[in-house]
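Can you read through this structure? Questions will come right after.
The values are calculated or read from the model by the stated rules, or taken from the named source; none is laboratory data. All figures in this text were calculated on a predicted structure; none of them were measured in a lab. Methodologically, a virtual Cβ is constructed for each residue, glycine included, from the backbone with ideal geometry; neighbour enumeration extends over all protein chains shown. Just so you know, the surface numbers come from the protein's heavy atoms only, side chains and all, with ligands and any DNA or RNA stripped out. Shrake-Rupley method; radii C 1.70, N 1.55, O 1.52, S 1.80 Å.
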Amino acid sequence: MTYKTLHTKLFGTNIKISIYHNNPDPILSTCEMLLTYYHKLLSFYDDESIISKINQNAGIKSIQVDDETFKLIQSGKLHSLEEKSNLNICLGPLVKLWDIGFDSAKVPSDGKLNQALKHTDPNNLILDKYTNNVYLSKKGMSINLGAIAKGFIADAILTYLKEQGIISAIIDLGGNILTHGFNLKSPTLNWRIGLQNPLEKRGIHLTTLELNDLSIVTSGVYERKSIVNGNAYHHIINPKTGRPLNTNMLSLSIISKESLNADIYSTMYFGIPFDEIELASKDKGFDAIAIYKGNILRYTKVCRKFRRDEF
Ligand code: AMP
Ligand code: MG
């Protein structure tokens, strides 16, 4: 028995899946197939994806989707409609206008931003739970699942790995991490996860956490950004203004059992005052660590037990 790791690139980021098994190759091949399948299904940029089909038919007709996709969109809509939420899965028109992280990134005019903002109301995303039909009721609307898809995919891969009887694994979808079982290579048996210092190069960690059977997902201003006319713009858009969120928060990491929840909450609470995040964490059952400008750290109580060293 040994660990074997699949390394690949997808969603514009590095993917690593390590599993402990006596015959890991066929299982890792299936993992790679699953990654490609979900990418093709959920991509905003692939014209053939189901998400593109929904977007192409905005204001025209509804599209029937599979159960998994329906549940994902439904959960995205619910969390987009919460009162204290910076998540909105209907920000497709704005994501396209800014194009942050691509060579085509630009700062849109106020007119274009205001026009796009009119097409982002999640109430106009109509879901029929009896038929799995999804309909964007206004032309010009589009959904973008960039803020929640990786968590969903990590959970789906873990479900497959568990079905294969895997007892120890770590799934890392570009920093969106899900751990399973004990880390049999570590003396503490825990998975050690470095918390990126947002102001340093990639791989320079502010601290290390030890987790088991938990997911940690980080939203950060450093993760994807573009320099336009000498100014830096990050990729998390304020659903109210249509511009990158103006906040002292540099990153927000969420620790929770399911990677989908961690991914949802990391975007949903990005830029929200930490006291409110702390309240929500008790209610919804997650933990949070936020890093602010000036190297200020805030974290929920339970997070202490994950620390290896002093923050
Ligand atoms: P994450 O890194 O999980 O916080 O997701 C950020 C990605 O989701 C961006 O790269 C965009 O594609 C998209 N996005 C940007 N702002 C938002 C937002 N406020 N709500 C939902 N998705 C967003
Ligand atoms: Mg997210």
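Can you tell me which of L178, L136, L173 is within 16 Å of ligand 1 (Cβ to nearest atom), buried (at least 24 other Cβ atoms within 10 Å of the Cβ) and over 19 Å from the mean Cα position of the chain (by Cα)?
Details: L178 fails: over 19 Å from the mean Cα position of the chain (by Cα); L173 fails: over 19 Å from the mean Cα position of the chain (by Cα).
One residue alone meets the criteria, L136.
Going by what's in this entry, would T188 be described as over 20 Å from the mean Cα position of the chain (by Cα), assigned to a strand (DSSP E or B) and surrounded by fewer than 22 Cβ atoms within 10 Å (Cβ to Cβ)?
Working: over 20 Å from the mean Cα position of the chain (by Cα): yes; assigned to a strand (DSSP E or B): no; surrounded by fewer than 22 Cβ atoms within 10 Å (Cβ to Cβ): yes.
Taking the combined requirement at face value, the residue does not satisfy it.
Among the residues of the range 282-291, is there at least one that is part of a loop (DSSP other than H, G, I, E, B) and surrounded by 14 or more Cβ atoms within 10 Å (Cβ to Cβ)?
yes
I've got another one for you. Let me spell it out: the conditions are (1) open to solvent by less than 70 Å² (accessible area, probe 1.4 Å); (2) away from ligand 1 (no atom under 16 Å from the Cβ); (3) more than 21 Å from T179 (Cα to Cα); (4) touching a residue at least 60 places away in the same chain (Cβ under 8 Å), and C31 meets all of them except one. Which number is the exception?
(3)
Which members of the range 139-170 meet the condition of being within 16 Å of ligand 1 (Cβ to nearest atom) and either open to solvent by 10 Å² or more (accessible area, probe 1.4 Å) or not aliphatic (A, V, I, L, M) (or both)?
Looking only at the range 139-170, we keep the residues that are within 16 Å of ligand 1 (Cβ to nearest atom), and these are 141-155.
Residues satisfying the conditions are S142, N144, G146, A147, A149, K150, G151, F152, D155.
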